[in-house]
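> Structure provided below as structure tokens; questions to follow.
The values are calculated or read from the model by the stated rules, or taken from the named source; none is laboratory data. Bear in mind that the values here come from a model prediction, so they are computed numbers and not experimental data. Glycine also receives a Cβ, built like all others from the backbone with ideal geometry; neighbour counts cover every protein chain displayed.
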Amino acid sequence: MIRSLLSLTACVLLLSACAQPPLRGTGDLGVVVERATGSLQIIESATRTALARVEGLGDLSHASVVFSRDQRYAYVFGRDGGLSKVDLLSARIDHRIIQGGNSIGGAISQDGKLIAVSNYEPGGVKVFDAQTLEPVADIPATPLPDGQKRSRVVGLVDAPGQSFVFSLFDTGEIWTADFSQGQTPRIERFTAIGRQPYDALITPDGRYYMAGLFGEDGMAQLDLWHPERGVKRVLDHYGRGEARLPVYKMPHLEGWALADQQAFVPAVGHHQVLVLDARSWQPVDAVAVAGQPVFVTARPDGRQLWVNFAYPDNDRVQVIDTQTHAIIADLRPGPGVLHMEFTARGDQLWLSARDGGEVQVWDPYRLERLSSLPALSPSGIFFSSRAHKPGY
């Protein structure tokens, strides 16, 4: 009788184990935004496969994603003001709130405990507890002259010292919000930094915050080690320039590159990638490319740049050698290339071809396409390795 009970128990345990999903880590996972359907595909780079689809994430037409420190959760910022916490292991929405009317991205704090969202409507930044998505702080932006609205906020990044940095598009400002002393932030404002900062980046060491200007030539730079020095103008005499071209899609500064003590930045309204000395921040070259660049993405070893373009050249990707500044490949992956993402060690380059309905995986050393996955109007691709990179 005892032997029979033991055998039955063993069978029950065996069947229970078989019913459980296989154990896996999260460091090799990522997500693909399917903008037309408000869904995410959860992907695994080692096997180049899609594991699951998560639906019900709202308007993902300009979605961005950050990850928890343990790389288990993806926080998705939707254009409809939605903030969604997605469990990559269970492939489900852990929690979702509507925190605003029109949001344009977000960031996770240095300690991983705070999620900040930048909003067009209402203008400002809202901050939430990363575990529960309960509100922590509301930072309204500068009111506009009509007294009815506030400035739209763009270029939100996390910074060392438990801070967030962001730009105010309509009023030409850069603000820092320091949460190091608790949940009531210390705000520092820098005004008259230039007209219409449209996006921004932070250098990998967390020192320099750079805001691109759409309303005038140049970029605005804030040295976070020495904020008392104020905002400095970089590339003051370069931008859209005299021969202004129509801008079909604004370049994204997040995808800029630092390599061999050089900074590579997409030009606004020019068919060029700008090259700056990363010590003096002075221009040293301008690489002519096939169209208006959107992302300039560096291979992790810094030897290559992969560049995609706005319409009508958005079926092309060009590869630039960072030492010679020569174009070493002119690829045609397919229609509507929107985003590119390297795996953490740089063995793969994933890109989304929205109008082709697929995500492609490339070998960036051999410049060969390895495989493709079907996807529903894919746009952003984000790997969980971003969890350990400041500014991502």
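> Just give me the residues in the range 323-333 being assigned to a loop (DSSP other than H, G, I, E, B) and more than 22 Å from the chain's Cα centre (by Cα), in sequence order.
Q323, T324, H325, A326, R332
> Let me ask something else. What about V275, is it out of contact with any strand residue (DSSP E or B) (no Cβ under 7 Å at 6 or more places or on another chain), among the β-branched types (V, I, T) and either modelled with pLDDT of 95 or more or over 23 Å from S118 (Cα atoms) (or both)?
No: the conditions fail for V275.
> Just wondering, is there one or more residues in the range 334-356 that are in contact with a helix residue (DSSP H, G or I) (Cβ under 6 Å, 6 or more places away or on another chain) and assigned to a strand (DSSP E or B)?
Yes, because at least one residue in the range 334-356 is in contact with a helix residue (DSSP H, G or I) (Cβ under 6 Å, 6 or more places away or on another chain) and assigned to a strand (DSSP E or B).
> Considering the range 79-95 alone, what residues qualify as being over 12 Å from F128 (Cβ atoms) and either at pLDDT 95 or above or over 16 Å from the mean Cα position of the chain (by Cα) (or both)?
Passing the criteria: D80, G81, G82, V86, D87, L88, L89, S90, A91, R92, I93, D94.
> Same structure, new question: How about the range 158-189: which of its residues are of a type in the set (S, T, Y) and either outside any strand (DSSP E or B) or free of Cβ contacts under 8 Å to residues at least 12 places away in the same chain (or both)?
Residues satisfying the conditions are T171, S180, T184.
> Let me ask another. If we scan the range 193-204, do we find a residue that is among the small types (G, A, S), in a strand (DSSP E or B) and modelled with pLDDT of 95 or more?
No, the conditions are met nowhere in the range 193-204.
> Go through A263, A220 for me and flag whichever is at pLDDT 85 or above, surrounded by 21 or more Cβ atoms within 10 Å (Cβ to Cβ) and under 24 Å from L144 (Cα atoms).
Matching residue, one of A263, A220: A220.
> Next question. Among the candidates R345, R354, single out the residue that is surrounded by 19 or more Cβ atoms within 10 Å (Cβ to Cβ), closer than 22 Å to G30 by Cα and basic (K, R).
Result of the check over R345, R354: R354.
> Residue pairs, Cβ under 6 Å, 6 or more apart or interchain, first in the range 367-382 and under 17 Å from G38 (Cβ atoms), second among the hydroxyl-bearing types (S, T, Y) and surrounded by fewer than 20 Cβ atoms within 10 Å (Cβ to Cβ). List them.
The qualifying pairs are L376/T37.
> Another question, if that's okay. Return the total of residues in the range 32-44 being among the aliphatic types (A, V, I, L, M) and surrounded by fewer than 24 Cβ atoms within 10 Å (Cβ to Cβ).
2
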